[in-house]
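Please treat every number below as a calculation from the coordinates, not as lab data. Please read all numbers here as calculations on a predicted model, not as lab measurements. So basically every Cβ, Gly included, is an ideal-geometry build from the backbone, and we count neighbours across all protein chains shown.
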Amino acid sequence: MAINVIIKDPQWNEIWQFTAENGKNIAELAAMHGIDIPVSCGAGVCGVCLCKVEQWNDAVKADAFNSPLMPLKSDENWNPEEILTCIAGFNPEKFDDWQDHTVILQRTY
C-alpha cells in the first residue's frame, strides 16, 4: 500500500520518481527526494509550482494544506487535473486502502 509519484517535465519525459508519505505537501516530498519543483509563495497563490495530474487524480488532494487562490481544473468527479504542489497532498484514505497507486504529475515550468 504505497503511493508512488512520477514527475515528468513539460515535454512529458519522466524525470523523477519517489514514494509519497502522508502529512506532507507534494513540494516538500519532492524536495526531500532531491526533486526540484519551483515554489515561490508556498501558499497556493502564485502558481509557480503548478503541475498537471496525468494519472490517479483521486489520490491527490488539491487543498490538503490550504485552499488554492487561483482556479484549477478538475474532472467531472471533482478530482484535480491541476494542482499547486505547495498546498497539495494525498488523500489519507488512499494510504489505508491496501492498494498501491501511481500518481503521475507533469511540471508546467
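Amide H contacts of T102 (H built 1.01 Å from N, in plane; Pro and chain starts excluded): N4 sit under 5 Å, all sequence-distant by 5 or more or on other chains.
Label separation (F18 vs E81): 2.8 nm, computed from points 7 Å beyond Cα along the C-beta direction. Take every DSSP beta bridge whose two residues both sit in the chain; close to 70 percent of them are antiparallel. Listed by chain and number, the lysines whose C-alpha is less than 18 Å from the C-alpha of K73, apart from same-chain residues fewer than 8 away, are K52, K61. Taking amide H atoms as placed 1.01 Å from N in the peptide plane, the amide H of S74 lies under 5 Å from those of E81, each 5 or more residues away in sequence or on another chain. Modelled this way, with points 7 Å down the Cα-to-C-beta line, the labels at D100 and I6 are 1.3 nm from one another.
Here the Gaussian network model covers the chain, with springs between Cα atoms less than 10 Å apart; of I35, I87, I15, I15 fluctuates the most.
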